[in-house]
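The values are calculated or read from the model by the stated rules, or taken from the named source; none is laboratory data. Because the structure is a prediction, the values reported are computed rather than measured. Methodologically, a virtual Cβ is constructed for each residue, glycine included, from the backbone with ideal geometry; neighbour enumeration extends over all protein chains shown.
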């Protein structure tokens with residue numbers, strides 16, 4: 001229980017519930033040093049941009065194997081929401097700054113989504129695409145049929161600028177989040193359309 005209270009308190013501090021104004025997500029920079037954990041990596045970023053702190057990679061406690069939703073299961077959902085919300089904030093900065101390091105720690109290492117997102121950031125950078133996040137809403141979180149996986153439905157509204165032309169676009173995404181080795185990772189992202 002003490003561990004759970006600590007995690008919740010820690011997360012509330014990182015997400016800026018203390019009343020600070022958030023900086024724009026596209027100005028966040030993350031300067032991780034070799035050997036830093038993901039939490040240290042994001043905590044360092046939160047000192048430069050409070051909104052970047054929302055992207056904290058969370059340790060999770062595994063829910064008990066019962067049919068009831070207990071406090072641990074609720075906490076897992078809370079952390080899953082934080083991972084996806086943080087990723088949604090930081091992918092904008094990663095694309096605008098052409099810097100994959102903003103988001104790489106959220107993604108399952110050596111997975112297809114890792115390579116896909118790295119290529120996406122590189123390709124959009126070459127095309128001169130810049131993004132501004134207007135709104136991102138998590139509409140649903142549910143446990144997957146696969147063990148230790150969650151499905152997260154997200155609705156994102158973006159302002160997209162390419163070649164001095166700006167348009168607004170709504171994109172629906174489904175994130176698959178995997179709990180592995182007491183960490184959460186994004187395993188897959190399916191979107192109904194592209195950022196262009």
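If the condition is being farther than 30 Å from residue 179 by Cβ, assigned to a loop (DSSP other than H, G, I, E, B) and out of contact with any helix residue (DSSP H, G or I) (no Cβ under 9 Å at 6 or more places or on another chain), then the range 105-130 contributes 127, 128.
Test residue 82 against the criterion of being buried (at least 18 other Cβ atoms within 10 Å of the Cβ), touching a residue at least 40 places away in the same chain (Cβ under 8 Å) and in contact with a strand residue (DSSP E or B) (Cβ under 7 Å, 6 or more places away or on another chain), and give yes or no. Walk me through how you get there before you give the answer.
Numbers: buried (at least 18 other Cβ atoms within 10 Å of the Cβ): yes; touching a residue at least 40 places away in the same chain (Cβ under 8 Å): yes; in contact with a strand residue (DSSP E or B) (Cβ under 7 Å, 6 or more places away or on another chain): no.
The answer is no for residue 82.
Taking the residues in the range 62-103 that are over 10 Å from the mean Cα position of the chain (by Cα) and closer than 18 Å to residue 174 by Cα as candidates, determine which candidate is modelled with the lowest pLDDT. Looking at the filtered set, the residue picked out is 76. Evaluate the following for residue 178: is it in contact with a helix residue (DSSP H, G or I) (Cβ under 6 Å, 6 or more places away or on another chain) and in contact (Cβ under 8 Å) with a residue 40 or more places away in the chain? No, not satisfied.
Residue count for the range 110-128 satisfying the condition of being buried (at least 17 other Cβ atoms within 10 Å of the Cβ), over 18 Å from the mean Cα position of the chain (by Cα) and either over 22 Å from residue 85 (Cβ atoms) or without any contact (Cβ under 8 Å) to a residue 60 or more places away in the chain (or both): 1. For the range 136-192, which positions are in a loop (DSSP other than H, G, I, E, B) and closer than 19 Å to residue 120 by Cα? Within the range 136-192, 163, 192 meet the criteria. Being surrounded by fewer than 18 Cβ atoms within 10 Å (Cβ to Cβ), in contact (Cβ under 8 Å) with a residue 24 or more places away in the chain and closer than 14 Å to residue 87 by Cβ: is that true of residue 196 here? Judged against the criteria, residue 196 is not a match.
When residue 142 is tested against (1) without any contact (Cβ under 8 Å) to a residue 60 or more places away in the chain; (2) loosely packed, with under 14 Cβ neighbours inside 10 Å; (3) farther than 13 Å from residue 77 by Cβ, exactly one condition is not met: (3). Of everything in the range 145-178, what is surrounded by 12 or more Cβ atoms within 10 Å (Cβ to Cβ), within 22 Å of residue 109 (Cα to Cα) and over 14 Å from the mean Cα position of the chain (by Cα)? Give them in sequence order. If the condition is that a residue be surrounded by 12 or more Cβ atoms within 10 Å (Cβ to Cβ), within 22 Å of residue 109 (Cα to Cα) and over 14 Å from the mean Cα position of the chain (by Cα), then 148, 149 are the ones that fit. Restricting 107, 131 to residues that are within 15 Å of residue 196 (Cβ to Cβ), surrounded by 18 or more Cβ atoms within 10 Å (Cβ to Cβ), touching a residue at least 40 places away in the same chain (Cβ under 8 Å) and touching a strand residue (DSSP E or B) at 6+ places or on another chain (Cβ under 9 Å) narrows the list to 131.
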